[in-house]
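Chemist: Please see the structure below; I have some questions.
The values are calculated or read from the model by the stated rules, or taken from the named source; none is laboratory data. All figures in this text were calculated on a predicted structure; none of them were measured in a lab. Just the protein is used for accessible areas: all its heavy atoms, side chains included, with ligands, DNA and RNA removed. Shrake-Rupley method; radii C 1.70, N 1.55, O 1.52, S 1.80 Å.
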Amino acid sequence: HMSGDYPDNVEWPDAEKVVGALVLPHVEDEADIGNFLIVDYDEQIANHDRPFITVRERGGSIDQDDFTSYPNIEVSCWGKSRTVARSTANRVLSTVLQSGGSEVIGALIDSAEDVTGAEEPVLENPDDRCITRMFRLGFRPIYQD
């Protein structure tokens, strides 16, 4: 394709919000999804052992030819127990991997893959557990006519 095929002033959907919307069913409250410091997590969740999910875009690429964005999205599932962190992470994994073909807040998701597998970082607070995975999404903006 020539560069002239690239649409003008395209609004790319926010990849973090797209994934946040995908994983929303796995938390009790909208406020339990976000980007935050561990301190905020402790204040917000306190002693409730309920899932908290953070979503961070970590680079990626845009393919000009097929007009698809391939962001790397780090999804971290937090809990006050290993069980909550792990079971949430497993549910999130299946939701994201099954998202191909779905439309989410202005994005058509073409593909989703797990690029790292599960990782459990060592945290400052031994009472917190966190399972992190990196996904690579392939998505395109949905054009409004």
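Chemist: Which whole-number value in Å² is the accessible area per residue of the chain, probe 1.4 Å? Could you put the intermediate results ahead of the total?
Modeler: Working: 8200 Å² over 145 residues.
Accessible area per residue: 57 Å².
Chemist: For Arg50, which sequence-distant residues (separation of 5 or more, or a different chain) have an amide H within less than 5 Å of its own amide H, given hydrogens modelled in the peptide plane?
Modeler: Those lying under 5 Å, H to H, from Arg50 are Lys80.
Chemist: Continuing with this model, one more query. Through the Karplus equation 6.51 cos²θ - 1.76 cosθ + 1.60, θ set to phi - 60°, convert the phi angles of the range 70-75 into ³J(HN,Hα) values in whole Hz; use x for Gly and Pro.
Modeler: Computed from phi, the couplings for the range 70-75 are 10, x, 8, 10, 8, 10 Hz.
Chemist: At a 1.4 Å probe radius, carbon and sulfur cover how many percent of the accessible area of the chain? Mind showing how you got there, number by number?
Modeler: Working: 3780 of 8200 Å².
The nonpolar share, carbon plus sulfur, comes to 46 percent.
Chemist: What list of ³J(HN,Hα) couplings, whole Hz, do you get for the range 132-141 from phi and the Karplus terms 6.51, -1.76, 1.60, once you set θ to phi - 60° and write x for glycine and proline?
Modeler: With the stated coefficients, the range 132-141 comes to 10, 9, 9, 10, 10, 9, x, 9, 10, x Hz.
Chemist: Of the listed values (1) 11, 41, 29, 14, 5, 1; (2) 12, 36, 33, 16, 3, 0; (3) 10, 40, 40, 10, 0, grab the one calculated as P(r) over Cα pairs in 10 Å bins from 0, in percent from the structure here.
Modeler: (1)
Chemist: Gain in length, Asp63 to Thr83, computed as 0.36 nm per residue apart minus the alpha-carbon separation, to one decimal in nm?
Modeler: Numbers: separation 20, 0.36 × 20 = 7.20 nm, distance 3.88 nm.
Value of the extension gain: 3.3 nm.
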